[in-house]
Amino acid sequence: MEKRKGKIALGVAITTIVVYLVFHFLFSWIAPVLMALLVGNMLRPFIKFLRHSCHLPRSISVFLPIFLFFCGILWIIYYFGGMFCGQLVVLLKKLPYYQELFSGSMGRVCNWCDGILLVEEGTVFSYLSLRLNKIFSWISNEKVPDFTMTAFQIVKKTLGLAGAFGVVIILTCMFVKDREDLQEKYKKCFFYNEIHQLLTPLSKVGMAYLKAQGIILSLVGITCVAGYWLAGSNYALLFGVCVAIFDAFPMVGSGLILIPFAIVALIQNHFVAAAIYGTTYLICQCIRQFLEPKLIGDKLGICPFYIMLSVYFGIKCFGLWGVILGPVSLVLIQTVYENMLKPIYNDVQ
(Lines give C-alpha, C1' and ligand atoms only; values in the text may rest on other atoms or scores of the structure.)
Protein backbone atom coordinates (compact mmCIF):
# COMPACT_ATOMS: atom_id res chain seq x y z
CA MET A 1 0.00 0.00 0.00
CA GLU A 2 2.77 2.42 0.95
CA LYS A 3 4.70 1.47 -2.18
CA ARG A 4 1.64 2.18 -4.31
CA LYS A 5 1.19 5.59 -2.68
CA GLY A 6 4.85 6.37 -3.32
CA LYS A 7 4.47 5.50 -7.01
CA ILE A 8 1.38 7.69 -7.31
CA ALA A 9 3.17 10.59 -5.60
CA LEU A 10 6.16 10.15 -7.92
CA GLY A 11 3.88 10.10 -10.96
CA VAL A 12 2.09 13.27 -9.86
CA ALA A 13 5.43 14.98 -9.17
CA ILE A 14 6.78 14.07 -12.62
CA THR A 15 3.54 15.24 -14.25
CA THR A 16 3.74 18.55 -12.37
CA ILE A 17 7.33 19.14 -13.48
CA VAL A 18 6.49 18.31 -17.11
CA VAL A 19 3.45 20.63 -17.09
CA TYR A 20 5.52 23.46 -15.61
CA LEU A 21 8.32 23.05 -18.16
CA VAL A 22 5.89 22.89 -21.08
CA PHE A 23 3.98 26.01 -20.05
CA HIS A 24 7.10 27.91 -19.00
CA PHE A 25 9.17 27.31 -22.14
CA LEU A 26 6.70 26.36 -24.87
CA PHE A 27 3.58 28.40 -24.08
CA SER A 28 4.49 31.23 -26.47
CA TRP A 29 4.83 28.62 -29.24
CA ILE A 30 1.64 26.68 -28.61
CA ALA A 31 -0.56 29.64 -27.64
CA PRO A 32 -1.43 30.62 -31.27
CA VAL A 33 -2.37 27.00 -32.02
CA LEU A 34 -4.57 26.79 -28.93
CA MET A 35 -6.21 30.11 -29.80
CA ALA A 36 -6.91 28.90 -33.33
CA LEU A 37 -8.48 25.68 -32.02
CA LEU A 38 -10.55 27.66 -29.51
CA VAL A 39 -11.85 30.14 -32.08
CA GLY A 40 -12.47 27.40 -34.64
CA ASN A 41 -14.56 25.33 -32.24
CA MET A 42 -16.42 28.44 -31.10
CA LEU A 43 -17.34 29.42 -34.67
CA ARG A 44 -18.22 25.88 -35.71
CA PRO A 45 -22.02 26.22 -35.07
CA PHE A 46 -22.19 29.39 -37.21
CA ILE A 47 -20.24 27.70 -40.00
CA LYS A 48 -22.57 24.68 -39.93
CA PHE A 49 -25.59 27.01 -40.00
CA LEU A 50 -24.32 28.86 -43.08
CA ARG A 51 -23.33 25.62 -44.78
CA HIS A 52 -26.42 23.48 -44.16
CA SER A 53 -29.23 25.96 -43.42
CA CYS A 54 -28.28 28.83 -45.74
CA HIS A 55 -26.74 26.51 -48.38
CA LEU A 56 -23.74 28.75 -48.93
CA PRO A 57 -20.58 27.44 -50.59
CA ARG A 58 -18.08 25.84 -48.24
CA SER A 59 -15.44 28.52 -48.72
CA ILE A 60 -17.89 31.33 -47.91
CA SER A 61 -19.35 29.40 -44.96
CA VAL A 62 -15.86 28.98 -43.52
CA PHE A 63 -14.24 32.34 -44.17
CA LEU A 64 -17.20 34.69 -43.60
CA PRO A 65 -17.66 33.95 -39.85
CA ILE A 66 -13.88 34.00 -39.33
CA PHE A 67 -13.58 37.33 -41.16
CA LEU A 68 -16.44 38.93 -39.21
CA PHE A 69 -15.14 37.58 -35.89
CA PHE A 70 -11.61 38.93 -36.28
CA CYS A 71 -12.87 42.23 -37.72
CA GLY A 72 -14.96 42.61 -34.57
CA ILE A 73 -11.95 41.82 -32.39
CA LEU A 74 -9.82 44.39 -34.25
CA TRP A 75 -12.54 47.04 -33.92
CA ILE A 76 -12.83 46.44 -30.17
CA ILE A 77 -9.05 46.68 -29.77
CA TYR A 78 -8.89 49.84 -31.89
CA TYR A 79 -11.82 51.66 -30.27
CA PHE A 80 -11.51 50.71 -26.62
CA GLY A 81 -7.71 50.37 -26.75
CA GLY A 82 -7.41 53.90 -28.06
CA MET A 83 -9.79 55.18 -25.40
CA PHE A 84 -7.89 53.30 -22.69
CA CYS A 85 -4.49 54.65 -23.79
CA GLY A 86 -5.89 58.17 -24.12
CA GLN A 87 -7.23 58.15 -20.57
CA LEU A 88 -3.93 56.74 -19.30
CA VAL A 89 -1.91 59.52 -20.98
CA VAL A 90 -4.21 62.23 -19.58
CA LEU A 91 -3.97 60.72 -16.09
CA LEU A 92 -0.16 60.68 -16.20
CA LYS A 93 -0.04 64.30 -17.36
CA LYS A 94 -2.36 65.43 -14.55
CA LEU A 95 -0.52 63.62 -11.76
CA PRO A 96 0.80 66.88 -10.16
CA TYR A 97 -2.76 68.28 -10.04
CA TYR A 98 -4.09 65.10 -8.42
CA GLN A 99 -1.18 65.14 -6.01
CA GLU A 100 -2.17 68.61 -4.81
CA LEU A 101 -5.86 67.68 -4.67
CA PHE A 102 -5.16 64.53 -2.70
CA SER A 103 -2.86 66.31 -0.28
CA GLY A 104 -5.54 68.90 0.45
CA SER A 105 -8.19 66.25 1.00
CA MET A 106 -6.00 64.43 3.50
CA GLY A 107 -5.66 67.45 5.73
CA ARG A 108 -8.76 66.83 7.81
CA VAL A 109 -8.02 63.13 8.22
CA CYS A 110 -4.46 63.90 9.34
CA ASN A 111 -5.68 66.47 11.87
CA TRP A 112 -8.06 63.88 13.28
CA CYS A 113 -5.17 61.39 13.50
CA ASP A 114 -3.06 64.01 15.31
CA GLY A 115 -5.74 64.28 17.97
CA ILE A 116 -6.03 60.51 18.35
CA LEU A 117 -2.25 60.01 18.57
CA LEU A 118 -1.78 63.05 20.88
CA VAL A 119 0.94 64.55 18.71
CA GLU A 120 1.53 68.09 17.49
CA GLU A 121 -0.92 69.29 14.84
CA GLY A 122 0.41 68.70 11.33
CA THR A 123 2.76 65.83 12.27
CA VAL A 124 0.86 63.10 10.44
CA PHE A 125 0.19 65.36 7.45
CA SER A 126 3.89 66.27 7.14
CA TYR A 127 4.90 62.62 7.29
CA LEU A 128 2.38 61.53 4.68
CA SER A 129 3.12 64.51 2.44
CA LEU A 130 6.81 63.66 2.44
CA ARG A 131 6.10 60.06 1.46
CA LEU A 132 3.50 60.99 -1.17
CA ASN A 133 5.79 63.63 -2.69
CA LYS A 134 8.48 61.00 -3.13
CA ILE A 135 6.02 58.60 -4.77
CA PHE A 136 4.56 61.20 -7.14
CA SER A 137 8.01 62.57 -7.90
CA TRP A 138 9.23 59.05 -8.71
CA ILE A 139 6.27 58.49 -11.03
CA SER A 140 6.53 61.91 -12.71
CA ASN A 141 10.31 62.03 -13.10
CA GLU A 142 11.05 58.40 -13.90
CA LYS A 143 8.00 56.47 -15.01
CA VAL A 144 6.40 59.08 -17.27
CA PRO A 145 9.67 59.70 -19.21
CA ASP A 146 10.22 55.94 -19.31
CA PHE A 147 6.73 55.54 -20.72
CA THR A 148 7.58 58.04 -23.45
CA MET A 149 11.07 56.68 -24.14
CA THR A 150 9.82 53.12 -24.51
CA ALA A 151 7.43 54.05 -27.30
CA PHE A 152 9.66 52.21 -29.76
CA GLN A 153 9.53 49.08 -27.60
CA ILE A 154 5.76 49.37 -27.38
CA VAL A 155 5.52 49.64 -31.16
CA LYS A 156 7.86 46.67 -31.52
CA LYS A 157 5.80 44.52 -29.18
CA THR A 158 2.61 45.67 -30.90
CA LEU A 159 4.00 44.53 -34.23
CA GLY A 160 4.93 41.20 -32.65
CA LEU A 161 1.38 40.80 -31.34
CA ALA A 162 0.04 41.76 -34.76
CA GLY A 163 2.18 39.01 -36.29
CA ALA A 164 0.90 36.48 -33.77
CA PHE A 165 -2.64 37.68 -34.46
CA GLY A 166 -2.10 37.04 -38.16
CA VAL A 167 -0.78 33.54 -37.42
CA VAL A 168 -3.90 32.82 -35.35
CA ILE A 169 -6.13 33.94 -38.24
CA ILE A 170 -4.29 31.72 -40.74
CA LEU A 171 -4.28 28.72 -38.39
CA THR A 172 -7.98 29.18 -37.65
CA CYS A 173 -8.84 29.21 -41.37
CA MET A 174 -6.74 26.12 -42.01
CA PHE A 175 -8.13 24.27 -38.99
CA VAL A 176 -11.77 24.99 -39.84
CA LYS A 177 -11.30 24.25 -43.53
CA ASP A 178 -9.52 20.91 -42.99
CA ARG A 179 -11.19 19.93 -39.74
CA GLU A 180 -12.61 16.63 -41.03
CA ASP A 181 -9.28 15.53 -42.53
CA LEU A 182 -7.42 16.46 -39.35
CA GLN A 183 -9.88 14.46 -37.28
CA GLU A 184 -9.37 11.38 -39.45
CA LYS A 185 -5.58 11.64 -39.16
CA TYR A 186 -5.90 12.25 -35.43
CA LYS A 187 -7.96 9.07 -35.00
CA LYS A 188 -5.30 7.07 -36.86
CA CYS A 189 -2.56 8.33 -34.54
CA PHE A 190 -0.67 5.55 -32.77
CA PHE A 191 -1.32 7.04 -29.31
CA TYR A 192 -4.88 8.12 -30.12
CA ASN A 193 -6.54 6.33 -27.18
CA GLU A 194 -4.12 7.73 -24.61
CA ILE A 195 -4.20 11.25 -26.06
CA HIS A 196 -7.98 11.22 -26.44
CA GLN A 197 -8.41 9.94 -22.90
CA LEU A 198 -6.33 12.86 -21.64
CA LEU A 199 -7.54 15.69 -23.89
CA THR A 200 -11.29 15.04 -23.74
CA PRO A 201 -11.81 15.85 -20.04
CA LEU A 202 -9.08 18.49 -20.17
CA SER A 203 -10.70 20.39 -23.03
CA LYS A 204 -14.12 20.12 -21.42
CA VAL A 205 -12.97 21.39 -18.04
CA GLY A 206 -10.61 23.96 -19.54
CA MET A 207 -13.35 25.45 -21.69
CA ALA A 208 -15.69 25.55 -18.70
CA TYR A 209 -13.07 27.43 -16.67
CA LEU A 210 -12.28 29.94 -19.43
CA LYS A 211 -15.98 30.53 -20.06
CA ALA A 212 -16.67 31.02 -16.36
CA GLN A 213 -13.77 33.44 -15.87
CA GLY A 214 -14.76 35.31 -19.03
CA ILE A 215 -18.32 35.76 -17.77
CA ILE A 216 -17.20 36.88 -14.29
CA LEU A 217 -14.50 39.22 -15.63
CA SER A 218 -16.91 40.77 -18.14
CA LEU A 219 -19.63 41.37 -15.56
CA VAL A 220 -17.19 42.85 -13.04
CA GLY A 221 -15.62 45.03 -15.73
CA ILE A 222 -18.97 46.35 -16.97
CA THR A 223 -20.08 47.01 -13.39
CA CYS A 224 -16.88 48.92 -12.55
CA VAL A 225 -16.91 51.00 -15.74
CA ALA A 226 -20.55 51.87 -15.14
CA GLY A 227 -19.81 52.75 -11.50
CA TYR A 228 -16.96 55.11 -12.36
CA TRP A 229 -19.03 56.66 -15.15
CA LEU A 230 -21.97 57.27 -12.82
CA ALA A 231 -19.58 58.77 -10.26
CA GLY A 232 -18.46 61.30 -12.89
CA SER A 233 -14.92 60.00 -13.40
CA ASN A 234 -13.09 61.01 -16.56
CA TYR A 235 -11.23 57.70 -16.50
CA ALA A 236 -14.14 55.28 -16.27
CA LEU A 237 -12.77 52.79 -18.78
CA LEU A 238 -9.20 52.94 -17.44
CA PHE A 239 -10.15 52.47 -13.78
CA GLY A 240 -12.94 50.01 -14.55
CA VAL A 241 -10.64 47.69 -16.49
CA CYS A 242 -7.93 47.95 -13.81
CA VAL A 243 -10.40 47.06 -11.06
CA ALA A 244 -11.69 44.08 -13.07
CA ILE A 245 -8.13 42.81 -13.56
CA PHE A 246 -7.27 43.29 -9.87
CA ASP A 247 -10.46 41.44 -8.94
CA ALA A 248 -9.21 38.33 -10.77
CA PHE A 249 -6.13 38.05 -8.52
CA PRO A 250 -6.42 36.21 -5.20
CA MET A 251 -5.81 38.18 -1.99
CA VAL A 252 -6.21 41.47 -3.94
CA GLY A 253 -9.75 42.03 -5.17
CA SER A 254 -11.64 45.07 -6.37
CA GLY A 255 -11.67 46.62 -2.91
CA LEU A 256 -7.99 47.56 -3.23
CA ILE A 257 -9.03 50.32 -5.64
CA LEU A 258 -12.73 50.96 -4.99
CA ILE A 259 -12.50 51.38 -1.21
CA PRO A 260 -9.79 54.11 -1.34
CA PHE A 261 -11.84 55.90 -4.02
CA ALA A 262 -14.88 55.78 -1.74
CA ILE A 263 -12.87 57.11 1.21
CA VAL A 264 -11.37 59.99 -0.82
CA ALA A 265 -14.81 60.89 -2.21
CA LEU A 266 -16.21 60.86 1.33
CA ILE A 267 -13.44 63.16 2.56
CA GLN A 268 -14.18 65.59 -0.28
CA ASN A 269 -17.89 65.58 0.70
CA HIS A 270 -18.83 63.84 -2.57
CA PHE A 271 -21.30 61.59 -0.82
CA VAL A 272 -23.08 60.40 -3.96
CA ALA A 273 -19.79 59.35 -5.58
CA ALA A 274 -18.71 57.60 -2.36
CA ALA A 275 -22.02 55.71 -2.25
CA ILE A 276 -21.60 54.70 -5.90
CA TYR A 277 -18.07 53.39 -5.31
CA GLY A 278 -19.21 51.47 -2.25
CA THR A 279 -22.21 50.02 -4.09
CA THR A 280 -19.99 49.06 -7.04
CA TYR A 281 -17.66 47.21 -4.68
CA LEU A 282 -20.56 45.32 -3.09
CA ILE A 283 -21.96 44.35 -6.51
CA CYS A 284 -18.54 43.08 -7.62
CA GLN A 285 -18.27 40.99 -4.47
CA CYS A 286 -21.75 39.57 -4.99
CA ILE A 287 -20.95 38.70 -8.63
CA ARG A 288 -17.78 36.82 -7.72
CA GLN A 289 -19.11 35.17 -4.55
CA PHE A 290 -22.31 34.01 -6.24
CA LEU A 291 -21.08 33.06 -9.73
CA GLU A 292 -17.64 31.65 -8.92
CA PRO A 293 -18.89 28.59 -6.99
CA LYS A 294 -21.69 28.02 -9.51
CA LEU A 295 -19.65 28.40 -12.70
CA ILE A 296 -16.27 27.08 -11.53
CA GLY A 297 -16.69 24.89 -8.47
CA ASP A 298 -19.75 22.97 -9.66
CA LYS A 299 -18.78 22.51 -13.33
CA LEU A 300 -15.10 21.78 -12.75
CA GLY A 301 -15.66 19.59 -9.72
CA ILE A 302 -12.75 21.32 -7.99
CA CYS A 303 -12.95 23.13 -4.66
CA PRO A 304 -12.78 26.95 -5.17
CA PHE A 305 -10.02 27.05 -2.55
CA TYR A 306 -7.82 24.87 -4.76
CA ILE A 307 -8.65 27.10 -7.73
CA MET A 308 -7.48 30.10 -5.72
CA LEU A 309 -4.26 28.33 -4.76
CA SER A 310 -3.63 27.36 -8.39
CA VAL A 311 -4.09 30.99 -9.47
CA TYR A 312 -1.67 32.16 -6.78
CA PHE A 313 1.03 29.63 -7.66
CA GLY A 314 0.34 30.18 -11.36
CA ILE A 315 1.08 33.89 -10.99
CA LYS A 316 4.27 33.07 -9.11
CA CYS A 317 5.40 30.67 -11.84
CA PHE A 318 4.08 32.25 -15.05
CA GLY A 319 3.38 35.90 -14.23
CA LEU A 320 0.07 37.43 -15.34
CA TRP A 321 -0.66 34.42 -17.55
CA GLY A 322 -0.78 32.38 -14.34
CA VAL A 323 -4.40 33.48 -13.83
CA ILE A 324 -5.23 31.08 -16.68
CA LEU A 325 -2.26 28.70 -16.70
CA GLY A 326 -2.44 27.95 -12.97
CA PRO A 327 -5.94 26.42 -12.99
CA VAL A 328 -5.30 24.79 -16.39
CA SER A 329 -2.18 23.15 -14.93
CA LEU A 330 -4.22 21.94 -11.96
CA VAL A 331 -6.86 20.47 -14.26
CA LEU A 332 -4.17 18.83 -16.42
CA ILE A 333 -2.45 17.23 -13.42
CA GLN A 334 -5.77 16.04 -12.02
CA THR A 335 -6.77 14.63 -15.42
CA VAL A 336 -3.50 12.70 -15.75
CA TYR A 337 -3.93 11.34 -12.24
CA GLU A 338 -7.59 10.31 -12.62
CA ASN A 339 -7.34 8.82 -16.12
CA MET A 340 -3.82 7.40 -16.29
CA LEU A 341 -1.93 7.09 -13.01
CA LYS A 342 -4.70 5.91 -10.73
CA PRO A 343 -6.10 3.17 -13.05
CA ILE A 344 -2.60 1.81 -13.78
CA TYR A 345 -1.66 1.56 -10.13
CA ASN A 346 -5.05 0.02 -9.31
CA ASP A 347 -4.43 -2.66 -11.91
CA VAL A 348 -0.95 -3.32 -10.56
CA GLN A 349 -2.35 -3.73 -7.09
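The values are calculated or read from the model by the stated rules, or taken from the named source; none is laboratory data. This structure is a prediction, so every number in the text was calculated from the model and none was measured. Here Cβ is always computed from backbone atoms with ideal geometry, including for glycine, and neighbour counts include all displayed protein chains. Ligands, DNA and RNA are excluded from the accessible area calculation, which covers all protein heavy atoms including side chains. Shrake-Rupley method; radii C 1.70, N 1.55, O 1.52, S 1.80 Å.
The mean accessible area for residues of the stretch 35-92, using a 1.4 Å probe and ignoring ligands and nucleic acids, is 66 Å² per residue. Set the Förster radius R0 to 35 Å, insert the Cβ-Cβ distance between residue 94 and residue 116 as r into 1/(1 + (r/R0)^6), and round the FRET efficiency to 0.05. Once the sixth-power term is evaluated, E becomes 0.60.
Ordering 56-66, 324-334 by mean Cβ neighbour count within 10 Å, with the highest value first, yields 324-334, 56-66.
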